[in-house]
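These notes concern the structure reproduced below.
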């Protein structure tokens, strides 16, 4: 399984180079890969921030629509693209929702998505997510409320994990970040009071979002630790092999 994942990641990296994908497109491809786990909160947040840049926004949406057009065994591409799209609608540029409304038919058609894998209806996840997304896009008042709640929860979570006294926060539809990345997009406004009380969720929805973010971050850290451990094991094995070869050379008359 681990070997398959490494091969999948290697193949994806080769395609990124061959097609000369941009940083924004690579992030979307990573977030919507066929890997059997969801996109990390960190990655989705980076993509959401990039939607405030005109050039990156176009690249991101182009790749998302391409992923949504996949089918069959690439059902994870479709499902994860819907997950990412929902996140961007709630925490990214308002232009994301506008473009989704203009192309809502492309999302509506996914309510009939079908794919059976190992006697399991994998298409059901896609159908349910597409249905929920269409319902959200058709209700402007609910969409505004969802954005407000999601952005507040994201902001509180950022303050809570960055520690008391941190200036870290997230970009909102009414403000722009202060530090610029490769696209010239600033990475987040500062000056908010990082009080511990502000980090507490105010609604069930905020609490659920914070929990999802926390779980995603914990999994991400666990995966990084596992990668470091495997790297150490490889280096140790190489050192042992080299020592054995040197011992054999010394023992040879």
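The values are calculated or read from the model by the stated rules, or taken from the named source; none is laboratory data. Predicted model only: the values in this text are computed from it and were never measured. Cβ sites come from the backbone with ideal geometry, for glycine too, and all protein chains shown count toward neighbours.
So which of 32, 42 ends up being touching a residue at least 24 places away in the same chain (Cβ under 8 Å) and surrounded by 21 or more Cβ atoms within 10 Å (Cβ to Cβ)? Before the answer, list the steps.
On the way: 42 fails: surrounded by 21 or more Cβ atoms within 10 Å (Cβ to Cβ).
Result: 32 is the single residue among 32, 42 that is touching a residue at least 24 places away in the same chain (Cβ under 8 Å) and surrounded by 21 or more Cβ atoms within 10 Å (Cβ to Cβ).
Looking at this structure, is residue 149 in a helix (DSSP H, G or I), within 25 Å of residue 64 (Cβ to Cβ), modelled with pLDDT under 95 and under 21 Å from the mean Cα position of the chain (by Cα)?
Working: in a helix (DSSP H, G or I): yes; within 25 Å of residue 64 (Cβ to Cβ): yes; modelled with pLDDT under 95: yes; under 21 Å from the mean Cα position of the chain (by Cα): yes.
Judged against the criteria, residue 149 is a match.
So which residues in the range 50-83 are touching a residue at least 60 places away in the same chain (Cβ under 8 Å) and either crowded, with 23+ Cβ neighbours inside 10 Å or in a loop (DSSP other than H, G, I, E, B) (or both)?
Step one: filter the range 50-83 for residues touching a residue at least 60 places away in the same chain (Cβ under 8 Å), giving 50, 52-53, 55-56.
Once the filter is applied, which keeps residues that are touching a residue at least 60 places away in the same chain (Cβ under 8 Å) and either crowded, with 23+ Cβ neighbours inside 10 Å or in a loop (DSSP other than H, G, I, E, B) (or both), the range 50-83 yields 50, 52, 53, 56.
For the range 159-175, indicate whether the set of residues that are in a helix (DSSP H, G or I), farther than 22 Å from residue 24 by Cα and either in contact with a strand residue (DSSP E or B) (Cβ under 8 Å, 6 or more places away or on another chain) or modelled with pLDDT of 70 or more (or both) is non-empty. Explain how you work it out, then say what you get.
Let us first name the residues in the range 159-175 that are in a helix (DSSP H, G or I), namely 159-162.
Going one step further and asking which of them are farther than 22 Å from residue 24 by Cα, we end up with 159-162.
Imposing the further condition that a residue be either in contact with a strand residue (DSSP E or B) (Cβ under 8 Å, 6 or more places away or on another chain) or modelled with pLDDT of 70 or more (or both) reduces the set to 159-160.
Looking through the range 159-175, at least one residue is in a helix (DSSP H, G or I), farther than 22 Å from residue 24 by Cα and either in contact with a strand residue (DSSP E or B) (Cβ under 8 Å, 6 or more places away or on another chain) or modelled with pLDDT of 70 or more (or both).
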